[in-house]
Amino acid sequence: MEAIDAQHVQESGLVVFDITAADEETAALVMASLEQRWATSGITVARRMPGEPGVRARIYADIRRCGTRP
């Protein structure tokens, strides 16, 4: 994964989640859950890293703002 850019965490309430899951479906479910709770960068592509178990994904969130949950 790329280095976290300072702009993504320059203020209180901004977070970066690095997700590692067994498969793409699980990673997408976790990202969808985060998206319902907070304003996020959306569901991203989960990638497999050669020689490492599972898949990885990154999502950016602003926990000061509500997500899509009714």
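The values are calculated or read from the model by the stated rules, or taken from the named source; none is laboratory data. Fair warning: this is a prediction, and the values are worked out from it, not measured in the lab. Just so you know, the surface numbers come from the protein's heavy atoms only, side chains and all, with ligands and any DNA or RNA stripped out. Shrake-Rupley method; radii C 1.70, N 1.55, O 1.52, S 1.80 Å.
Observations on the structure shown:
- Fraction of accessible area attributable to carbon and sulfur, the chain (%, probe 1.4 Å): 53
- Rounded accessible area of residue 35 (nearest 10 Å², 1.4 Å probe): 60
- In the full protein context, the chain carries 70 Å² of accessible surface per residue, based on a 1.4 Å probe and ignoring ligands, DNA and RNA.
- Between helix 24-37 and the chain there is an angle of about 10 degrees, using the helix long axis and the longest principal axis of the Cα atoms.
- Translational diffusion coefficient (Stokes-Einstein; Kirkwood radius from C-alpha pairs) of the chain at 4 °C, 1.567 mPa s, in µm²/s: 103
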